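For reference, the structure discussed in these notes is given below.
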């Protein structure tokens with residue numbers, strides 16, 4: 001009799017233990033479903049929902065910014081993106097200071113307004129503030145006939161083209177239309193209706209008009 005009672009007590013204890021373990025597993029699931037862990041160390045930059053709010057699936061809750069690793073997202077022309085090499089290192093500039101960046105990826109989406117794609121550069125632990133604007137400095141060779149002109153020689157025209165003033169053989173100004181293939185800080189590489197030997201007005205174009213008679217000034 002006593003043995004049977006002890007067996008019954010053991011079975012009751014085992015059942016209670018099983019229920020307790022099941023309750024623990026259920027509680028662990030609830031905790032896991034209510035906790036979100038970021039895959040990186042960072043800070044909360046924006047909070048999109050308050051505690052207790054009901055959200056739709058896929059709705060953002062927080063915006064996290066990684067602090068251990070800084071990335072720069074740079075818009076580059078589609079044609080130029082093809083020349084970038086994954087893993088390659090490129091100079092970027094922030095506030096005039098050079099920052100070394102390794103190309104992580106080129107996102108496969110074209111901005112419909114700027115017609116550029118986003119190149120992502122890993123800046124490592126560079127001391128660049130979050131949200132800062134950086135510039136990518138890179139060069140590529142283009143097999144295209146054209147001319148280098150100072151930016152001061154260009155005037156805006158229609159359909160994205162530009163105009164320049166040329167002095168013809170009769171010392172009369174003519175307007176020629178060109179397309180800018182590449183622009184730098186103070187000059188642009190253009191192609192269009194220019195010919196080798198043309199005299200292009202470099203500065204002061206806003207004070208001149210086509211058909212105006214001019215005289216070349218002596219150098220110096």
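The values are calculated or read from the model by the stated rules, or taken from the named source; none is laboratory data. These figures come from a predicted structure and were not determined experimentally. Cβ atoms come from the backbone with ideal geometry, glycine included; neighbour counts cover every protein chain shown.
Of the residues 83, 72, which is modelled with pLDDT of 85 or more and surrounded by 11 or more Cβ atoms within 10 Å (Cβ to Cβ)?
72
Look at residue 188 and say whether it is touching a helix residue (DSSP H, G or I) at 6+ places or on another chain (Cβ under 8 Å) and either within 27 Å of residue 203 (Cα to Cα) or part of a loop (DSSP other than H, G, I, E, B) (or both).
Against the criterion (touching a helix residue (DSSP H, G or I) at 6+ places or on another chain (Cβ under 8 Å) and either within 27 Å of residue 203 (Cα to Cα) or part of a loop (DSSP other than H, G, I, E, B) (or both)), residue 188 qualifies.
Given the options 103, 55, 62, 10, name the one that is at pLDDT 85 or above and surrounded by 10 or more Cβ atoms within 10 Å (Cβ to Cβ).
After applying the criteria, what remains is 103.
Looking at the stretch 193-214, which of its residues are in a strand (DSSP E or B) and either at pLDDT below 90 or exposed (fewer than 15 other Cβ atoms within 10 Å of the Cβ) (or both)?
199, 213
Can you report the number of residues in the stretch 126-173 which are under 30 Å from residue 82 (Cβ atoms) and either free of Cβ contacts under 8 Å to residues at least 24 places away in the same chain or assigned to a loop (DSSP other than H, G, I, E, B) (or both)?
Residues flagged as under 30 Å from residue 82 (Cβ atoms) and either free of Cβ contacts under 8 Å to residues at least 24 places away in the same chain or assigned to a loop (DSSP other than H, G, I, E, B) (or both) within the stretch 126-173 amount to 24.
State all residues of the stretch 115-125 that are assigned to a strand (DSSP E or B) and either in contact (Cβ under 8 Å) with a residue 60 or more places away in the chain or at positive phi (or both); if no residue qualifies, say none.
124
List the residue pairs whose Cβ atoms are under 7 Å apart, where the first residue sits in the stretch 195-207 and is touching a residue at least 40 places away in the same chain (Cβ under 8 Å), the second is surrounded by fewer than 10 Cβ atoms within 10 Å (Cβ to Cβ), and the two are 6 or more positions apart or on different chains.
none
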